[in-house]
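A.B. asks: Just passing along the structure, written as structure tokens.
The values are calculated or read from the model by the stated rules, or taken from the named source; none is laboratory data. Note that the structure is a prediction, hence the values are computed from the model and not measured. We place every Cβ from the backbone using ideal geometry, glycine too, and count neighbours over all the protein chains shown. These accessible areas exclude ligands, DNA and RNA; they are computed on the full protein's heavy atoms, side chains included. Shrake-Rupley method; radii C 1.70, N 1.55, O 1.52, S 1.80 Å.
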Amino acid sequence: MNPNIEISELKPDFIISRVTELSVQGWRLVQMSASTVQGEGDAQQVELNYSFDKDYKLLNLRVLTVSGAKIKSVSGIFFGAFLYENEIKEQFGIDFEGIAIDFRGTLYKTAVKQPFIAFAPKKAAVPPQGGAK
Amino acid sequence: MKQTIVPLGPQHPVLPEPLSFDLVLEDEKVVDAIPSIGFVHRGLELLAPKRDFEEYVYVAERICGICSFMHGMGYCQAVEEVINLQLPRRANQLRTMLCELSRIHSHLLWLGLAADAFGFENLFMHSWRLREKVLDLFEEMTGGRVIFSIAKVGGLRKDISTETIRRASKVLRDMLPEIKEICDVFLNDASVKHRLCGVAVMSAENAHKLGAVGPMLRGSGVAKDLRVSGYASYGELQWEIITEKDGDCYARCAVRVREIYQSIDMIRQLAEKLEDGPVDTKVLAAPKGETFMRLEQPRGEVVYYVRGNGTRFLERFRVRTPTFANVPAVVTLLKGHELADIPTILLTIDPCISCMER
């Protein structure tokens, strides 16, 4: 990976303190995103990425959780997070607590609730050898 | 004081695409603004695991019709980084050139829309007349005016002759007097200044804190432009980040105007340095791993996240577009302004709802 990109894993309980620390140090919230990942066995987990920028370096805080879990909102620290949190809430079912502007599930109008959870593969795909056409 | 809620959008003359704000007014002053998006959300990210990663370029470039090339290229760059694919120099130079042409076209389009918003019909028509010439260049170079389908994982689908590139650079330089003529009106006309100067001022600190990107950020004096990182061929060009200090609507407009001149100069430099050689390299593996890729689009920083598992289908593709990042800033900016200024303020973020509703 690009040497200017750093990924560090974090427990959900430490999000607020770490994000506050980054805010004080002058980091800018670039984006928040989520992906589904396979945990042990068939357990499906959600991986949250909080991306921050300072001097063109991208720092990603990675938090592993599950759909339906409660996570504290960082929109009190970075107001711009409210949009990302609403999006992840609707697409992945993460319940962010205390979002600055909470759309309560009306940001997107989707036929299927939490589509990224509903359509996520149940088991990890086994990559074939090679991969090229 | 009694409060009134006025819905602005999703259909409004100043909004070319659906976006809505519930404006809470006290008399004519906005005291709060609640945004609503998602009217035309397409779920393109969810489509990525169902398409071959090389074919998904066609989907990526349909995220937006204005910076379609940059979306296709950004996606390709992300996949290429995961595969660890080195591109021929000419491919990077041509990609950079198409990016800068896209920036000129996008800024001219915005200038036209802005002129239309503050009632300057003539300026709108002249901006779009010049934009047509850029679209003609796209057509000559790629065969397309909106969607080019020229970017692919590993380079470009077809070469563009050096002669065509040099002619395009000359056409742009010949356009300079006309561009200067309309840009001088944007920057010096009293009626334009009246609508833009001192309106919706955002400090550098606020722009940074609210996560603003692109001309929104640079208009507030923050020198941040991802092209500095030197992706594609930006590392071989002589240029400086354009910033303005005032942080108002006029400053954001001035940044875009100056970036048009800068892009024309970048294309001139590229045309002079253009190297002969291949424009693609063979893709011998499927992406296995992950990366974040950031580019500078006309509206600002865009972020692509790609994760592959070694098959031809990506596990996850995510794109955070500049307009999505600028919405929180504009929500904050709208507060405290007169209702009549709202369309102009909204336009100064150069909203691209198509991008946002990927």
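A.B. asks: Rounded to a whole number, what % of the accessible area of the range B:235-341 do carbon and sulfur atoms account for, probe 1.4 Å? List each step's numbers first, then the result.
C.D. replies: Details: 1660 of 3410 Å².
Carbon and sulfur: 49 percent of the exposed surface of the range B:235-341.
A.B. asks: Would you kindly derive the ³J(HN,Hα) couplings of the range B:9-24 from the backbone phi angles with the Karplus curve 6.51 cos²θ - 1.76 cosθ + 1.60 (θ = phi - 60°), listing them in order in whole Hz, with x for Gly and Pro?
C.D. replies: Along the range B:9-24, the couplings run x, x, 9, 8, x, 7, 9, x, 9, x, 8, 9, 10, 8, 8, 8 Hz.
A.B. asks: While we're looking at this one, here's another question. As I understand it, the dipole of chain B uses +1 on the Cβ of Lys and Arg and -1 on the Cβ of Asp and Glu, about the Cα centre. Which of B:Val319, B:Cys197, B:Gln86 lies farthest toward its positive end?
C.D. replies: After comparing all options, I get B:Gln86.
A.B. asks: Mind listing, in residue-number order, the residues in the range A:26-54 that have at least 50 Å² less accessible area with every protein chain present than in their own chain alone (1.4 Å probe)?
C.D. replies: Residues passing the criterion (a loss of at least 50 Å², heavy atoms only) are A:Arg28, A:Gln31.
A.B. asks: I would also like to ask the following. Just to be sure I understand: with springs between alpha-carbon atoms less than 10 Å apart, which residue in A:Phe92, A:Phe119, A:Phe82 has the highest mean-square fluctuation in the Gaussian network model of chain A?
C.D. replies: Greatest mean-square fluctuation among the candidates belongs to A:Phe119.
A.B. asks: What nm distance separates the two modelled labels at B:Ser229 and B:Glu132, each placed 7 Å from Cα along Cα→Cβ?
C.D. replies: In this crude spin-label approximation the distance works out to 3.8 nm.
A.B. asks: Would you list A:Ile77, B:Ile104 from the most to the least accessible area, probe 1.4 Å?
C.D. replies: Accessible-area ranking of A:Ile77, B:Ile104, largest first: A:Ile77, B:Ile104.
A.B. asks: Turning to a different aspect of this structure: In sequence order, what are the phi-derived ³J(HN,Hα) couplings for the range B:79-93 according to the Karplus relation 6.51 cos²θ - 1.76 cosθ + 1.60 with θ = phi - 60°, rounded to whole Hz, with x for glycine and proline?
C.D. replies: 5, 4, 5, 5, 6, 6, 9, 9, 8, x, 4, 4, 4, 5, 5
A.B. asks: On the full set of protein chains, 1.4 Å probe, figure out the accessible area of A:Arg18 and give it in Å² to the nearest 10.
C.D. replies: Approximately 60 Å² for this residue.
A.B. asks: Then there is this: Summing both sides, how much accessible area is buried between B and A? Use a 1.4 Å probe and give Å² to the nearest 100.
C.D. replies: Buried area (both sides, nearest 100 Å²): 3900 Å².
A.B. asks: Taking a quarter of the surface of the convex hull around the Cα atoms of chain B, what do you get in nm²? Before the final figure, lay out the partial values.
C.D. replies: Working: hull surface 68.0 nm².
Quarter of the Cα hull surface area: 17.0 nm².
A.B. asks: Now for a separate question. Which order do B:Ser102, A:Ser17 take by accessible area at a 1.4 Å probe, largest first?
C.D. replies: Reading off the accessible areas and sorting them downward yields A:Ser17, B:Ser102.
A.B. asks: Charges only on Cβ, +1 for Lys and Arg, -1 for Asp and Glu: so what's the dipole of the range A:5-118 about the Cα centre, in debye to the nearest 20?
C.D. replies: 240
A.B. asks: Once ligands and nucleic acids are excluded and a 1.4 Å probe is used, how much of B:Arg157 is accessible, expressed in Å² to the nearest 10?
C.D. replies: Solvent-accessible area, nearest 10 Å²: 100 Å².
A.B. asks: Based on the Cβ-Cβ distance from A:Glu97 to B:Glu205, what FRET efficiency comes out when R0 is 25 Å, to the nearest 0.05?
C.D. replies: E(calc), rounded to 0.05, equals 0.40.
A.B. asks: Of the options B:Ile182, B:Ala340, B:Val330, report the single residue whose Cα projects farthest towards the positive end of the charge dipole of chain B (beta-carbon charges: Lys, Arg +1; Asp, Glu -1).
C.D. replies: B:Val330
A.B. asks: For the range B:117-176, what does the alpha-carbon gyration tensor say about shape, rounded, prolate or oblate, given a ≥ b ≥ c as the root eigenvalues, a/c under 1.5 as rounded, and a/b over b/c as prolate?
C.D. replies: oblate
A.B. asks: Computing the accessible area with a 1.4 Å probe over protein heavy atoms, can you report the carbon and sulfur percentage for the range A:5-118?
C.D. replies: Heavy-atom surface of the range A:5-118 belonging to carbon and sulfur, 1.4 Å probe: 51 percent.
A.B. asks: Is the C-alpha gyration tensor of the protein assembly as shown telling us rounded, prolate or oblate? Criteria: a/c under 1.5 is rounded; beyond that, a/b larger than b/c is prolate, otherwise oblate.
C.D. replies: Numbers: a/c = 1.77, a/b = 1.06, b/c = 1.67.
Oblate, because a/c is 1.5 or more while a/b does not exceed b/c.
A.B. asks: Also, I was wondering about something else. Return one whole number: the accessible area per residue of chain A in Å², for a 1.4 Å probe.
C.D. replies: Ligands and nucleic acids excluded, the figure is 48 Å² per residue.
A.B. asks: For the full complex of protein chains and a 1.4 angstrom probe, list B:Thr162, B:Thr323 by accessible area with the highest value first.
C.D. replies: Putting B:Thr162, B:Thr323 in descending order of accessible area: B:Thr162, B:Thr323.
A.B. asks: Suppose every Lys and Arg Cβ carries +1 and every Asp and Glu Cβ carries -1, with no other charges. What dipole size does chain B come out with about its Cα centre, to the nearest 20 debye?
C.D. replies: 920
A.B. asks: Go through the range A:44-52 residue by residue and turn each phi into a ³J(HN,Hα) via Karplus (6.51, -1.76, 1.60, θ = phi - 60°); whole Hz please, and just put x for glycine and proline.
C.D. replies: Running phi through 6.51 cos²θ - 1.76 cosθ + 1.60 with θ = phi - 60° gives 9, 10, 10, 9, 9, 10, 9, 9, 10 Hz.
A.B. asks: Tell me, what is the FRET efficiency for B:Asn188 and A:Asn2 to the nearest 0.05, using R0 = 41 angstrom and their Cβ-Cβ distance as r?
C.D. replies: Calculated value: 0.45.
A.B. asks: Relative to the isolated chain, which residues of the range A:59-87 have their accessible area cut by 40 Å² or more in the presence of all protein chains (1.4 Å probe, heavy atoms, no ligands or nucleic acids)?
C.D. replies: In the range A:59-87, residues shielded by partner chains: A:Phe79, A:Leu83, A:Tyr84, A:Glu87.
A.B. asks: Here is a further query. With charges only on Cβ, +1 for K and R and -1 for D and E, what is the dipole size of the protein assembly as shown about its Cα centre, in debye, rounded to 20?
C.D. replies: The calculation lands at about 1040 debye.
A.B. asks: Toward the positive end of the charge dipole of the range A:5-118, about the Cα centre and with charges on Cβ (Lys, Arg +1; Asp, Glu -1), which of A:Met32, A:Ile15, A:Ala100 goes farthest?
C.D. replies: A:Ala100
A.B. asks: Hey, another quick one. Considering only Cα-Cα distances, which of the following residue pairs are longer than 28 Å: B:Lys152/B:Lys180; A:Lys54/B:Lys170; B:Lys50/B:Lys224; B:Lys29/B:Lys180; A:Lys70/B:Lys209; B:Lys209/B:Lys335?
C.D. replies: Over 28 Å Cα-Cα: B:Lys152/B:Lys180; A:Lys54/B:Lys170; B:Lys50/B:Lys224; B:Lys29/B:Lys180.
A.B. asks: With a probe of 1.4 Å, find how much accessible area chain B has per residue, and write the answer as a whole number in Å².
C.D. replies: Per-residue value: 35 Å².
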